[in-house]
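Presented below is the structure to which this report refers.
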Amino acid sequence: MSHTTLRRRLLAGAALLMAPALVLGTPHVADAAETRNRADAGGGWLGRQLDKDSHVVTGQFGPVYGQTADVVLALAAAGVGKRKALRATRALKANVLDYTGGGDPSEYYAGPFAKLLVVAAARGMDARSFGGSTRSDLVAELEALECKPGIEGCEAAEKGRFSDISQFGDFSSVISQSLAVLGLERTTRRGASRTSVSYLLAQQCSNGAFPQDLGTDGCTGSVDATGFAVQALVAVDTPAARAAAADAGRWLVRRQKGNGSFVADGVRNANSTALAAQALDALGRDRRRAKAVRFLRSLQATCSGPAALRGSLRYSKASTGDRLLATGQAVPALAGATLVDVTNAGATRSLPRYAC
């Protein structure tokens, strides 16, 4: 496998998401050119990062559709960049095969199908007719990747798992499982299968956390995976799901640092803090969510930073990291939006800049 193919494969499966909550900042003003609202300014910065011709995020190896989906969700959460979000969504619809299979008709990646379902829900689009390719029925394509009786190679312990079909291996994870459950809950009347929900619930550690990897021995909690799992379980909204989400929320509270941040790989960072903030928001833990948002605001470039970066967030205090990825995940948290019910209803066309 070439380095370019592997890079594309890894990016394809990478993560990625409105209960009432305290929003720190001033309300956004329709079509305002400048704003002091942190979510609006972050959304405006994100919208300006999309390629002017292809309307997607581009990286060293070409289009990055996973981050493009994150931008669409962030714009919807902030309620800005309506035209940009529409064009980016059209680009995603035109490139479903590239995103969900790396351009290869024999490759099927569960995570990208799941994230596109969430995009379709946020945009109010038909998830069964997402573009004009043979993969336009996102629901059917994702459900075909679920381990169930009668499917060759489906072992009893894996029933309900959404797995990749790929010559490069299975990159599915708790994050992709959570997105799949959440996406199906939002885009279909019947929701995710009870088996797939049960499989997600079975991944929970005894301390309430969720691990990154599926079906592995031991159970090491991941803030990012727990953040996604909580939102999926809140969307499911059964007694078992609510109880598991509450346990996961208590684990997140115990992991939160005094400055409101959350840690991954030993670093207090924007991405993990944003995902935890969304989970806390979905659980109605407003005070803890507000602490996380204050940390995110401390990473955001404002008047003291270069004009071209204002509104964006750095990865951590010590590292700029991937500003686009950090900002894409942070904006929904700043806006008080979760993946459970983010929508573009009422979005304006503007891409505001931070006012100085």
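For the reader, a short list of remarks on this structure follows.
- Taking each residue as 0.36 nm, the span from E155 to D217 lengthens on full extension beyond its C-alpha to C-alpha distance by 20.7 nm.
- Length gained when the stretch A246-D53 is fully extended (0.36 nm per residue, less Cα-Cα span): 65.0 nm
- Accessible area of the chain divided out per residue, in Å², using a probe of 1.4 angstrom: 40
- Sulfur and carbon atoms: percent of accessible area, the chain [1.4 Å]: 49
- Charge context of C147, other residues only, Cβ under 13 angstrom, K/R +1, D/E -1: -4
- Counted charge near S319, where neighbours are those whose Cβ lies closer than 15 Å (Asp, Glu -1; Lys, Arg +1): +2
- Sorting the segments 132-140, 73-81, 338-346 by their residues' average number of neighbouring beta-carbon atoms within 10 angstrom, most packed first, yields 73-81, 338-346, 132-140.
- Area accessible to solvent at E155, 1.4 Å probe radius, in Å²: 120
- Across the cross-link table entries K93/K148; K84/K115; K84/K159; K93/K317, which are compared at the Cα atoms, the separations over 30 Å belong to K84/K159; K93/K317.
- For the pair A33 and T195, a Förster radius of 56 Å applied to the C-beta separation gives a FRET efficiency near 0.65, rounded to the nearest 0.05.
- Computed from the Cβ-Cβ distance with R0 of 25 Å, the FRET efficiency linking T134 to D341 stands at 0.25.
- Calculated [θ] (222 nm, deg cm²/dmol) that DSSP helices of n ≥ 4 give over the chain, each run adding -39,500 (n - 2.57): -14500 deg cm²/dmol
The values are calculated or read from the model by the stated rules, or taken from the named source; none is laboratory data. The model shown is predicted, which means the values in this text are computed figures rather than measured ones. Neighbour counts run over all protein chains shown; Cβ positions are idealised from the backbone, glycine included. The accessibility values were calculated without ligands, DNA or RNA, using every heavy atom of the protein model including side chains. Shrake-Rupley method; radii C 1.70, N 1.55, O 1.52, S 1.80 Å.
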